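*Asks:* Attaching a single structure in structure tokens format; questions to follow.
The values are calculated or read from the model by the stated rules, or taken from the named source; none is laboratory data. Quick caveat, the model's predicted, so the values are computed rather than measured. In this analysis, Cβ positions are derived from the backbone assuming ideal geometry, glycine residues included, and neighbour counts consider all displayed protein chains.
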Amino acid sequence: MVVPATETNDETLAARAAAGDAAAFELIVTRYQGRVYRLACRLTGSEADAMDALQDTFLQVYRHLASFRGESRFGTWLYRIATNAALMHNRVRARQRAESLDAFLPGFDAAGVHLGTPAELQSAASVEEIVDRRLLAEKAMAAIERLPETNRVAFVLRDLEEMSTSDVAEVLGIEPAAVRQRVHRARLMLRGYLSDLARVKP
Amino acid sequence: MNEIRCASGVDLLMDYLEGVLSADVYAAVEAHVAGCPRCIAFIASYRETPRIMREATSVGLAAGQQASLLSFLRAQRGFSADDN
């Protein structure tokens, strides 16, 4: 029985595409284009840069299909290419990035106790009820851009693309403990940023 | 290990939530959090942060952009799926 192409797994499609099957390659593109574009938007903060990164990603995937050995899953391999393509496009604008989010890290008193009341400490969780959806989208994208690159990449892959910590470690070529450290710092900064946003009615 | 304070608990928070702490450290964090309304509130907002950021930054690729990607790739490759 012939398996319909749309149900074929990535690795089989990659093998067919590497052997010159254009339809198999285009099915890979169809399957991943939305995810790669979303990833690139989040990493570059720009739709135009994301489109360039999207094109570069699939061009590189096509050119390097023959070197895909199946040592990692195809999706992991493709995400590595996509992440690098997005960062290449982002470097051009990196110098113009605004000030850091360090000021939003949590504060403690001399005894190591949280500053702020429980209600204040929880306010980030209510930001969607307070800030207009469109404004929140703009602010969220801008905040991600303000993260240091290592934290931004780990956070976007782990928390926004919802990859497992071990898959992110594989994509970035670092230890899972380092992924957790980078994601954690990004979460702390963004949590503080959202708290600040929740306190100010636009 | 030393007694957990809010500050040291925050340092361990992601490892705590991912379940990678040793049993004794995990228990120490849990014991602190159980008696600390500030940490309970902090953790609630920390846990929500990824979802809020994810939903606020979710974008889709428009049909026109999909078509232009495919045209670009076909032009680069010099053939199309229809040639097979």
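*Asks:* So, in region B:17-36, how many residues would count as being more than 7 Å from chain A (Cβ to nearest Cβ), over 24 Å from A:A110 (Cβ atoms) and assigned to a helix (DSSP H, G or I)?
*Replies:* Residues flagged as more than 7 Å from chain A (Cβ to nearest Cβ), over 24 Å from A:A110 (Cβ atoms) and assigned to a helix (DSSP H, G or I) within region B:17-36 amount to 6.
*Asks:* Quick check on region B:37-63: of everything there that is at the interface with chain A (Cβ under 8 Å from one of its Cβ atoms) and not in a helix (DSSP H, G or I), which residue is surrounded by the fewest Cβ atoms within 10 Å (Cβ to Cβ)?
*Replies:* The extreme case among them is B:G60.
*Asks:* Starting from region A:119-138, take each residue that is facing another protein chain (nearest Cβ under 8 Å) and list its partners that are assigned to a loop (DSSP other than H, G, I, E, B) and at pLDDT 95 or above, counting only C-beta distances under 7 angstrom and pairs at least six apart or across chains.
*Replies:* That search, which allows pairs on different chains as well, returns A:A137/B:T57.
*Asks:* When you scan region B:17-28, how many residues do you find that are within 21 Å of the chain's Cα centre (by Cα) and either among the small types (G, A, S) or crowded, with 19+ Cβ neighbours inside 10 Å (or both)?
*Replies:* Here the count works out to 1.
*Asks:* Now, a different point. Please go through region A:159-184 and pick out each residue that is within 9 Å of another protein chain (Cβ to nearest Cβ), in a helix (DSSP H, G or I) and either buried (at least 16 other Cβ atoms within 10 Å of the Cβ) or of a type in the set (S, T, Y) (or both).
*Replies:* Listed by number, the residues that qualify are A:D159, A:L160, A:T165, A:P176, A:R180, A:Q181, A:V183, A:H184.
*Asks:* Next question. Looking at this structure, is A:A111 at negative phi, without any contact (Cβ under 8 Å) to a residue 40 or more places away in the chain, facing chain B (nearest Cβ under 8 Å) and outside any helix (DSSP H, G or I)?
*Replies:* When the stated conditions are applied, A:A111 passes them.
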